[in-house]
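Data block below; observations after.
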Amino acid sequence: MQERDALLKKKVVPSVEVIPPERLKLLDEIIDKYAGSTQNLIPALKEAQELFGYLPMEVQRKLSIGMNIPAPHIYGVVTFYSFFTITPRGRHTIRLCLGTACYVKGSKEILENIIKDVGINVGETSEDGRFTLEAVRCLGACGLAPVMMIGEDTHGNIHPPKTISILDGYQ
Amino acid sequence: MVTLTVDGIKVSVKKGSSILEAAQVAGVRIPTLCHDKRLIPYGACRLCMVEVTSRGKTRTMPACFNPARDGMEVTSDSPALRSSRRVQLMLLLRSHPLLCPSCDAAGDCELQNLVFEYEVGDLPFARQSRYFHLDNDSSFIRFNMNLCIRCGMCVRICEEVQGQSEISFINRGMNMEVSTDFMRPLECEFCGQCADICPVGAIASKWLVGTGRRFELSHVTTTCSFCGLGCSLTLEEKDQQTVYVNSSPDSPNEGSLCVKGRYGWTYAYSGGRLATPLVKKNGVLTETTWEEALSAVASGFSKIKKDHGPQAIGALGSARMTNEEAFAFNRFVRTVLGTANLDHGASSYGALVDGLAPTLGYPASTNSIREIRNAKVILLVGADLTETHPIAKNEVIMASGRNKAKVIVIDSIKTKLSERDGVFIKTPFGHESAVVFSMLKHILDQEIVDKTAIASKIDGFEKFLESLKDYDPENVATLMGIAPELIHQAAEIYAKAPSAMILISEGSNRAMSNAENGRAAAALAVISGHVGKESCGVMVFGEKSNSQGALDMGLTPKHLPGFGLLEDEEARKKFESLWKTKLPSSAGMNSREILEGAESGAIKGIYLVGENPVDTYPDRVLTEKALNAAEFVVVQDMFFNSTAKMADVVLPACSALEKEGSFTSSERRIQRVRPSTKEKLGRSDLEIFNDLSILMGNASFAYDSPADVMTEISKSVEFYAGVSYDRLGLQGLMWPVKDSSDDGSLFLYGNGYPHGRVKLGPAPELNLPKQESNQFLLVPGITKFHSGSMSTWGKSLLEVCPEPMAQMCSSDMSALGLEDGDTIKVTNDLGDSMKLKVKWSRRPLEKQIVVPYHFPGSKLNKFVKWNEPLAEVKVEKA
């Protein structure tokens, strides 16, 4: 249990990707629309994420200045909702079930294999932009445990050492 | 008022008070982990649960946010409550590491104390460990979120009191922690309030990590030596060395401190401190003994007195001297040196002496700092409190946050407070008074005025009204390029409010313009009826720790202690009989005239006590010329600074951490200064004045101790009459203190004015500068991390603010192709130039650069002249 929690609690590394200023200008419209009330923060963040795909530091800073909401407050909201992400998304999203049934049947080893071979932890995206790894609590297919979804495809009854060969099918 | 019983004790409290506050009045302790009197009740820890019987029903409820009501019977302790509190503590301990033996907070930990008090033993459930990295990246403050109990006090004090919101809850859920966005290091005010308020060791001052247990440290209570707000400090010491500074929750400042107060004291430990006197021999300053140095000073001044007369000597004191030293200095200059030429701090007391005093009577703030939070409207006239007086800024934040007060900002730059709900009016630097006079014109036209006050209390009203004819809001607004509605709106908000305060801050950078600001503010307050009441009036915050005391003790060209004038025979007689010598019978030269006099040859000898005119006064070139031209210059200072380098004799003075005395804060509060156990370097100013006067043949001048001087002050200064050291406790005393049973008063003029009536002088002619120029305006700013040039000697404040950064707005920066951290070259008409790093800021408006003046190395005061506080400069990328 403790080991697993330790795996989940790695320090968040700030995204370094630079958004060109002309793209950042697109935020002005959202700021004009929502500035004036802190209650509008969540719709503003949602539209910003639709625009850029994720919410990096620059986007949050600009929203903070434009909407006059402290940046740490915005970051607190972004990190609370699993809908918001602060790292760019990969081409394929892996949703690995860490619910009770899957965990007992070995999804921890699947997670370790992904960490080892792809080099990403939960919530992270591989450097080549291929995968984003998410942990989920149940996919409603406990009979097929351990279960993992890649994009829209569901893979069940995974033999942990076979993890990488499944991923090989997604480039 | 509501009346209730707490544990059988009957108490009456104000309506709206919480049960917890009622219990505190009754003297009943209710345990809390998430409550502080500065914060809005939150109810997170559930330890303050009490049983309340009301209308025959008994219920359990948190005491901190349920209001006390009539007839409540409150029980604070019962077996059921003890068991409830014990379970709460067990739940907190479930994920709190039990490494108390190695924790720095042990002994100073609320959780530890309560676990002990409630005898919590084994937990009936499995412990859960959390793993967070230790965050040592920020200056001054260390985060160890493994210890956090999530009371939220740090986040709340940062938002509700500081108005900073630098930290927040992030990753909410099981792994919630307190940090900044993207867990970057702190870039805030570094007030250290989060570390101070943390009940456990989760946020701690780095200086206390590994230093020792808090209970091993000894404590000395003194008064802060930076700005004029007079916060009470508790120096915590180990092995005769200050290791940390905090403030008692029972002090006037309620335990709040700013970055300078909490971390700035390292200046006293600076390697630049002078320890031995220096005398110029063959053109070189050489170390010597005290005897030789003092006799050199005595013979030097005696010679000038004999050759050129006493009027050829000028003396400049400092508003950082204690009251006792300032009193003794006044006596020394006026009797032993025999000159009237005495001043301090670049005459930067205009708002008080030339503003409030002629109108209202006293050159002092009318009300107290803690009343600001209850005012409904706050008008800031050229007061960037975030940078100059952070603790007063907290009061404005509290007023506008929880009490929904309106904040009207009249300033030449955007300030942190102009973002609050209210009105922001942009004026040219130093012309804030024009807006205030036009607000007055508007409320007089609309007749939103206190008619009885005008009829019965004001002299010179007709002439004043006549002089306002140019100040039509439309006219002023057009000249300033703003909308007249802003002025109308501000005037109406201010005049209609049930309580409204005006705040002004003083400083060397405002020396030229503040007299008008003070006069305008006093007139506005009187005419709208906002004087002599709680949460009303005009507050003027001085730049230095004893700005008010220096005026009380008469460190100006025309005053004697107690605001008596040298020209006034009665006032002079009083001190002539007390000091048994003749006093000069006319006003002397002010600091500017002394320096100009030295340059032209009228002044031959200059005595500088704690003052560094070369680095901090306007017009560096003039000051340097003046000090070179003067025959004999004596500098008495803690540091070997630019002025000391030009002196003939340098006498090392000790710091405020090494001497005794008292400071009078900008709310007229007289508070004690006590020496720490630190080794004393140099001598106190008082000892030096004593020695010098004996050497110069005036033996009657012998003060045994600062307490001795205070006795003389209380005998000769009417409004200090009831002050003695044994009466100055943690709260101090606010003058006027008429006798030993008088406890002082929170606000002045409640029972009328000292001269009977208010005197309104006519408003000056409207004279606004043209804003057509294409050049940049250099605005001398103040940064919250420094105070004068003293703080730049301490390494702690240099860690967070190592160099002056020119602040510019984003449109100017992109026009010049600049980014944060780039270097710019600033050139004036005469070709003087300096190189500065540039930083984006919300503060400056277009075509302005704001540069803090504290850093001697930048020689910013080369660019400003005495009559031109602003300089037009050319800015280019270097």
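Just so you know, all these numbers are worked out from the coordinates, no wet-lab data involved. Bear in mind the structure is a predicted one, so any value in this text is a computation, not a measurement. Reconstructed Cβ throughout: ideal geometry from the backbone, glycine too, with neighbour counts over all protein chains shown.
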Computed over region B:127-269, Kirkwood Rh from alpha-carbon pairs, angstrom: 16.0
Computed magnitude of the charge dipole of chain A (debye, nearest 20; Cβ of K, R +1, Cβ of D, E -1): 400
Exceeding the 18 Å Cα-Cα cut-off - candidates B:K659/B:K680; A:K62/B:K837; B:K404/B:K426; B:K625/B:K825; B:K303/B:K574: A:K62/B:K837; B:K404/B:K426; B:K625/B:K825; B:K303/B:K574
Where labels lie 7 Å past Cα in the beta-carbon direction, separation of A:N68 and A:S37 in nm: 1.5
For q = 0.06, 0.08 Å⁻¹, Debye-computed log10 I/I(0) when each Cα of chain B counts as one equal scatterer: -0.43, -0.76
Partner lysines for A:K162 [C-alpha distance under 19 Å; skip if fewer than 8 residues away on the same chain]: A:K105, A:K108, A:K116
Chymotrypsin sites (Phe, Trp or Tyr not before Pro) within region A:70-115, DSSP loop, no more than 11 other Cβ atoms inside 10 Å: A:F83
Charge dipole of region A:49-171 about the Cα centre (unit charges at C-beta), most positive-ward option of A:I86, A:N121, A:P72: A:P72
In Å, descending, principal axis extents of the Cα set of the protein assembly as shown: 107, 72, 68
Cβ-Cβ FRET estimate between B:E117 and B:S54, R0 fixed at 30 Å, reported to 0.05: 0.60
For region B:667-802: rounded, prolate or oblate by the Cα gyration tensor [a/c cutoff 1.5]: oblate
Those aspartates and glutamates that a straight Cα-Cα span of less than 16 Å connects to B:K759, excepting residues fewer than 8 apart in one chain: B:D354, B:D450, B:D459, B:E462, B:E466, B:E516
Charge dipole (region B:56-126, unit charges on Cβ, about Cα centre) - positive-most of B:P97, B:A63, B:F116: B:A63
At most 11 other Cβ within 10 Å, DSSP loop - trypsin sites (Lys or Arg not before Pro), region B:45-90: B:R55
Region B:127-269 - percent relative contact order, Cα under 8 Å, separation 6 or more: 19
Cα gyration tensor of region A:18-80 - equivalent ellipsoid semi-axes, whole Å, descending: 16, 13, 11
Cross-link partners of B:K238 among aspartates and glutamates (Cα-Cα below 19 Å; sequence separation of 8 or more within a chain): B:D104, B:D108, B:D196, B:E216, B:E658, B:E679
Spin-label pair B:S84/B:K865, simplified geometry with 7 Å Cα→Cβ offset, distance in nm: 7.3
Gain on full stretching of the segment that runs from B:K825 to B:T276 - 0.36 nm per residue minus C-alpha separation: 193.7 nm
Hz values of 3J(HN,Hα) by residue in region B:410-421 - Karplus curve (6.51, -1.76, 1.60), Gly and Pro given as x: 10, 7, 8, 10, 6, 10, 4, 7, 6, 7, 6, 5
Gain in span if fully extended, B:Y131 to B:L99, counting 0.36 nm per residue against the direct Cα distance: 10.1 nm
Translational diffusion of region B:770-878, µm² s⁻¹ [Kirkwood Rh, Cα pairs; Stokes-Einstein; 25 °C; 0.890 mPa s]: 172
Expected 222 nm ellipticity per residue - DSSP helices of 4 or more, -39500 (n - 2.57), all of chain B, to 500: -7500 deg cm²/dmol
For region B:55-166, alpha-carbon Rg over 2.2 N^0.38 Å: 1.35
Equivalent ellipsoid semi-axes - Cα gyration tensor, chain A, angstrom: 34, 16, 14
Intensity falloff of region B:208-365 expressed as log10 I(q)/I(0), Debye formula with alpha-carbon point scatterers, at q = 0.09, 0.14, 0.15, 0.16 Å⁻¹: -0.51, -1.01, -1.08, -1.12
Between region B:625-652 and region A:90-158, the Cα center-to-center distance that results, in Å: 75
Within region B:360-390, backbone nitrogen closer than 20 Å to the virtual label 7 Å beyond the Cα of B:K37 toward Cβ: B:368-375
Cleavage-rule hits, chymotrypsin sites (Phe, Trp or Tyr not before Pro), region B:400-502, DSSP coil, Cβ neighbours within 10 Å at most 13: none
Two-site FRET efficiency, B:M61 against B:E799, from Cβ-Cβ distance with R₀ of 60 Å, rounded to 0.05: 0.80
Averaged over B:149-161, number of beta-carbon atoms from partner chains that fall within 10 Å: 1
Percent RCO, i.e. relative contact order, over chain B, from Cα pairs under 8 Å lying at least 6 residues apart: 13
Estimated FRET transfer efficiency (B:A602, A:I19; beta-carbon r; R0 56 Å; 0.05): 0.30
Cα-projected label distance for A:R130 with A:T154, points at 7 Å along beta-carbon direction, nm: 2.6
